[in-house]
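Readers should treat all values here as calculations from the given coordinates under stated rules, not as data from a laboratory. None of these values were measured; they are calculated from a predicted model. Cβ coordinates were reconstructed from backbone atoms using ideal geometry, including for glycine residues, and neighbour counts include every protein chain displayed.
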């Protein structure tokens, strides 16, 4: 095998893009910016150009890029031990489990790596709970989800996606799922049968374009699930950890999930970690050997997550998201543009729906020094790190106005 490791490394944006286009899989369509380093809300490309990050890695860096306290925890733990697998115990996992319990009141925590893994874990728990505790006949447990959902990319998860592209060419699909309209509690009520074990929902749909359901929707769904002995499962992988102006988006209403899925900002962007939180009864369905992960609960990720949680609390980022999100949203709604159909959002999570393709606007914003990403073709999604300042928002607003007006 010939080695090319000693060849002159690429230097320019064009060099890096050419290399990736030649050797990388083409399952993404990124903007043509090559990020070399980042700090706080700013990222810098290989030529040194500076951009305001208004995506925050799909809410994975709520605490800001390369937060020094999280970095310190990462380095310190990397010098001690990084991975033991769950064949043995480590001294960081219990601390993280206790911290998440104290923040949410949930009894048990099962850590995984990615958001998709967390959702798969929750689906398995719900089905086994349905069979072993609720009494649904084996192999008949049904889970209800919502149209417009995004819970991951696995075969099981895309089996209940309503987005055609996510499913095309990937069948046959996993049975056992029913899809109802989002924001319609009555549709949930009508869809429940004696075989229904769980209802899986995002409190705000991110990939669908930051779709906020009607006020009271979650509460009504929660009450329906309670009355029908159906698990109420909330996916907060994108919406959690302050993104919507509450610690978790479900806290905008008086509900408590039976199963909670978290990830992304749990590590502040430093390493993959996710988790499923549930009651003692639900989590008790897993016996040793039923489910697991080599890297899930590893001490490096747990130490990083603990630091990320402390930053979130110590820097009051949840309240910051609520205050600055309201300001950002109001200013964007003041823009008068023939391109804009609607501006919606919650906290520092905003969707701008256009009557034209959003991709070209995102490309223009990049030239103005702002990084956003389109979703569902005509929606610009805005989700900056929660450490953003009012002055930085004002700077961004000038550029949004130039591009959109």
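Note on the range 362-405 and the range 107-126: Cα centroid distance 33 Å, given to the nearest whole angstrom. Here is how the number arises for the chain: DSSP H runs of 4 or more residues each give -39500 (n - 2.57), the sum is divided by the residue count, and the result at 222 nm is -10500 deg cm²/dmol.
Stretched out straight at 0.36 nm per residue, the stretch from residue 84 to residue 170 would grow longer than its current Cα-Cα span by 27.5 nm. Taking the DSSP beta bridges with both ends in the chain, the antiparallel portion is around 65 percent. Taking every Cα-Cα distance in the range 68-314 and sorting them into 10 Å bins starting at zero, the pair-distance distribution P(r) comes out as 8, 32, 36, 20, 5, 0 percent.
Distance between the 7 Å Cα→Cβ label points at residue 191 and residue 107: 2.7 nm.
Extension gain for the segment residue 66 to residue 341, taken as residue separation times 0.36 nm less the Cα-Cα distance, is 95.4 nm to one decimal.
Debye calculation, C-alpha points only, no solvent: report log10 I(q)/I(0) for the range 12-155 at q = 0.10, 0.16, 0.18 Å⁻¹, in the same order as the q values. Taken in order of the listed q values, log10 I(q)/I(0) reads -0.62, -1.22, -1.30. With both labels modelled 7 Å from their Cα along Cα-to-Cβ, the residue 124 to residue 394 distance reads 5.2 nm. Ranked by the mean number of other Cβ atoms within 10 Å per residue, highest first, peptides 232-245, 139-152, 47-60, 88-101 order as 232-245, 139-152, 47-60, 88-101.
Once you reduce the range 257-294 and the range 1-76 to the center of their Cα atoms, the two points are 28 Å from each other. For the range 294-363, what does the alpha-carbon gyration tensor say about shape, rounded, prolate or oblate, given a ≥ b ≥ c as the root eigenvalues, a/c under 1.5 as rounded, and a/b over b/c as prolate? Since a/c reaches 1.5 but b/c is at least a/b, the shape of the range 294-363 is classed as oblate.
Note: relative contact order over the range 68-314, using C-alpha pairs below 8 Å and six or more positions apart, is 32 percent. Antiparallel beta bridges, as assigned by DSSP with both residues in the range 116-239, represent about 10 percent of the total such bridges.
Treating each Cα of the range 324-405 as one equal point scatterer and applying the Debye formula with no solvent, the log10 of I(q)/I(0) at q = 0.16, 0.21, 0.23 Å⁻¹ comes out as -0.52, -0.95, -1.17.
Once the Cα-Cα distance is subtracted from the 0.36 nm per residue extended length, the residue 14 to residue 155 segment shows a gain of 47.3 nm.
Among 42, 349, 395, determine the one that fluctuates most according to a GNM of the chain built with springs between C-alpha atoms less than 10 Å apart. In this elastic network of the chain, the residue with the biggest mean-square fluctuation among 42, 349, 395 is 395.
Roughly speaking, what % of Cα-Cα pairs in the range 221-354 are separated by over 19 Å, rounded to a whole number? The proportion of pairs with Cα distances above 19 Å equals 62 percent. Using the Cβ-Cβ distance between residue 254 and residue 326 with R0 set to 22 Å, the FRET efficiency from 1/(1 + (r/R0)^6) comes to roughly 0.55.
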